[in-house]
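Enquirer: Would you mind keeping the following structure in view while I ask a few things?
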Amino acid sequence: MKKVLVTGSVGQIGSELTVALRKKLGEGNVVASDIRMPTDTVLRDSGPFEILDCLDTNHITRVMQIHECDTIFHLAAILSAIGESKPALSWQVNMNGLYNFLEAARQYKCALFFPSSIGAFGPSTPPDNTPQDTIQRPDTIYGVTKVAGELLCDYYHKRFGLDTRGVRFPGLISYETEPGGGTTDYAVDIYRKALKYKKYKCYLRKDTAIDMMYMPDAVRSMIMLMEADPNKLIHRNAFNICAMSFTPDEIAAEIKKHIPEFEITYEVDPVRQAIADSWPNSMDDTSAQQEWGWEATYDLATMTVDMLEQLKIKLATPDSQKRV
Ligand code: NAD
Ligand code: AKB
C-alpha cells in the first residue's frame, strides 16, 4: 500500500481514514474523493481531492489514470436508515458503485477494501456470538447490498485474482463528523446531546443490544487488514470484527457517570427499531483474531471518557476551525 484512493472520503469513516492514511503514507499519496466537497479544511487542504461520483465510470477511469493508485478504500455508500427510504438509490450506489470500482481495480491492478456491516445479517441469523460463517438473510436493502457486496468481492478474488479484503463493521462511534444516516447513529448523537442539553430522546428501545466500535479501532482495523499477510487470509472480504456491545440504557448509564444530570427518554421509531432488531447483539470475531491478529482497544467506559473529552473541545471550537 503506497498510493491510495479513498471514495466516500467526506463521510464518517472516510474523513478519519484519509487523515490517518496521509499521516502514514504521506499527504500526496492519499487521494480523497466524494460527490461533495469537505467543509473540513484539514481534509480538504492536506492532500489531493477529487469530486467523484462512484457511478460515473468515465470519470473513475480518468482519476485512476491520473493518480496511479495501488489500493482503493471504497467507502461511498448509502447507509441503512436512508436506504429504507430510498431503496433504488441504495441499490444503485452500493452495488453499481462497488462494481465500478472492482472493475477499475481489475483494470489498474489495485487492491480493494470493502466495508461490510452487521447489517449483512438478518432476523434468522443467530444473534448472540454470531459466527463468522452463518445464515445471512437480511431484510433491508442495505443488508442485501452488503451480502451481495461480500460475495462480489469474493468472486473478483477467485475469478480474477484481485486482492479484495473487508470487514463487517459494527455501528461506529466518532466525534469528527456526524454519522451518515444509519440505524446506529443514536450512539453518536447521544454524546453530543448529553454535552449540549443534558438530555437525549432515543429512537431505539432501551434494551436494544447492538455491536459497536470506536472509530480509532475501526481505522486501525482497515489499515491492519490491508497490510496483513495475504497467505493467512481465509475470510478475505467479510471478517466479523467487534469491540463492545451495549444497549441505549447501558450507554446512558455510562454517560451519567460523567454527567450526573443526564436523562434519556425513549420514542421508538418503528423502522429503525425493526432494523436494529434484525441485527446481531454481538458477533464472534475469532477468525479476524486468528487470521490477522485483530484486537480492539476501546470498550464502552474508555470510549465514553475519550468521546466526552474530544467533543467538549470540538463544541468549544469556532465553526470555521471545526473538522465537521
Ligand atoms: P457516510 O454516509 O458517513 O459516508 C458515505 C459517503 O459516501 C458520503 O460522504 C457521501 O457523500 C458519499 N457518497 C454517497 N453517494 C456517493 C456517490 N454516488 N459517489 C461518491 N460518493 C458518494 O458513511 P460511513 O459511515 O463513512 O460509511 C462508509 C462505509 O462503511 C459504507 O459502505 C458503510 O456501509 C460502511 N459501514 C459504516 C458503518 C458505520 O457505523 N459508520 C458501519 C458498518 C459499515
Ligand atoms: C448503519 O447503522 O447503517 C451503519 C451500520 C452498522 O452499517 N452504522
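Enquirer: Hey, what does the equivalent ellipsoid look like for region 177-224, semi-axes from the Cα gyration tensor as sqrt of 5 times each eigenvalue, largest first, whole Å?
Expert: Ellipsoid half-lengths, sorted descending, are 23, 14, 9 Å.
Enquirer: Highest first, please rank the peptides 278-286, 81-89 by the mean number of other Cβ atoms sitting within 10 Å of their residues.
Expert: Going from most to least packed, we get 278-286, 81-89.
Enquirer: Further, regarding this structure: Suppose every K and R has +1 on its Cβ and every D and E has -1 on its Cβ; what is the size of the dipole of the chain about the Cα centre, in Debye to the nearest 20?
Expert: The calculated dipole for the chain is roughly 580 debye.
Enquirer: DSSP H helices in the chain with Cα extent of 20 Å or more along the helix axis and mean Kyte-Doolittle hydropathy at least 0.5?
Expert: Counting only whole DSSP H runs, the qualifying helices are 300-316.
Enquirer: I've got another one for you. Can you tell me what percent of all Cα-Cα pairs in the chain are more than 36 Å apart?
Expert: 14
Enquirer: Where both partners of a DSSP beta bridge lie in the chain, what percent of those bridges are antiparallel, to the nearest 5?
Expert: 10
Enquirer: Can you list the lysines whose alpha carbon sits under 23 Å from that of K86, skipping same-chain ones fewer than 8 residues off?
Expert: Those lysines meeting the cut-off are K146.
Enquirer: Then there is this: Mind listing the Cα extents of region 112-156 along all three principal axes, in Å, largest one first?
Expert: Reported extents, whole Å, longest axis first: 30, 21, 15.
Enquirer: If you don't mind, there's one more thing I want to ask. Sequence-distant or interchain residues sharing an amide H contact under 5 Å with K201, placed H: which?
Expert: T265
Enquirer: While we're here: Can you find, among L52, N96, G28, the residue sitting farthest towards the positive end of the charge dipole of region 1-155, where Lys and Arg contribute +1 and Asp and Glu -1 at Cβ?
Expert: G28
Enquirer: If you don't mind, another one. Let me spell out the model: positive unit charges on the Cβ of Lys and Arg, negative unit charges on the Cβ of Asp and Glu, origin at the Cα centre of region 1-99. What dipole size does that give, in debye rounded to 20?
Expert: So the magnitude is around 180 debye.
Enquirer: Most mobile of E68, E16, E227 per a Gaussian network model of the chain (Cα springs, under 10 Å)?
Expert: E227
Enquirer: Now, a different point. Averaged per residue, what accessible area in Å² does the chain show with a 1.4 Å probe, protein chains only?
Expert: So the chain comes to 43 Å² accessible per residue, rounded to a whole number.
Enquirer: Tell me the net charge near P280. Cut-off is 12 Å between Cβ atoms, P280 excluded, with +1 for each Lys or Arg and -1 for each Asp or Glu.
Expert: Net of charged neighbours comes to -4.
Enquirer: Just need the relative contact order of region 50-112 here, percent rounded to a whole number, with Cα pairs under 8 Å and 6+ apart.
Expert: Rounded, it is 45 percent for region 50-112.
Enquirer: Under 5 Å between amide H atoms, partner at least 5 residues away or on a different chain: which partners does L112 have, H built in plane at 1.01 Å?
Expert: I72, D163, T164, R165
Enquirer: Give me the percent of accessible area attributable to carbon and sulfur for the chain, probe 1.4 angstrom.
Expert: 51
Enquirer: Please get the size of the charge dipole for region 144-294, origin at its Cα centre, with Cβ charges of +1 on Lys and Arg and -1 on Asp and Glu, quoted in debye to the nearest 20.
Expert: 220
Enquirer: Based on DSSP H runs of at least 4 residues, each adding -39500 (n - 2.57), what is the mean residue ellipticity at 222 nm of the chain after dividing by all its residues, to the nearest 500 deg cm²/dmol?
Expert: -12500 deg cm²/dmol, from helical runs alone.
Enquirer: Based on the mean of other Cβ atoms within 10 Å per residue, sort peptides 110-120, 296-306 so the most packed one is first.
Expert: Values: 110-120: 24.7, 296-306: 16.5.
Highest to lowest by the protection proxy: 110-120, 296-306.
Enquirer: Less than 12 Å Cβ to Cβ from K198, Lys/Arg counted +1 and Asp/Glu -1: what total charge do the surrounding residues give?
Expert: After counting each charged neighbour, the total is +3.
Enquirer: Sort I135, I241 from largest to smallest accessible area, using a 1.4 Å probe on the heavy atoms of the protein chains. It would help to have the intermediate numbers written out before the result.
Expert: Details: I135 80, I241 0 Å².
The most accessible residue leads, giving I135, I241.
Enquirer: In terms of the Cα gyration tensor, with a ≥ b ≥ c the square roots of its eigenvalues, is region 25-80 rounded because a/c is under 1.5, prolate because a/b exceeds b/c, or oblate?
Expert: Judged from the Cα gyration tensor, region 25-80 comes out oblate (a/c at least 1.5, b/c at or above a/b).
The values are calculated or read from the model by the stated rules, or taken from the named source; none is laboratory data. This one's a predicted model, so the numbers in the text were calculated from it and none came from an experiment. Virtual Cβ from ideal backbone geometry, glycine too; neighbours counted across all protein chains shown. In case anyone asks, the SASA skips ligands and DNA or RNA and just uses the protein heavy atoms, side chains included. Shrake-Rupley method; radii C 1.70, N 1.55, O 1.52, S 1.80 Å.
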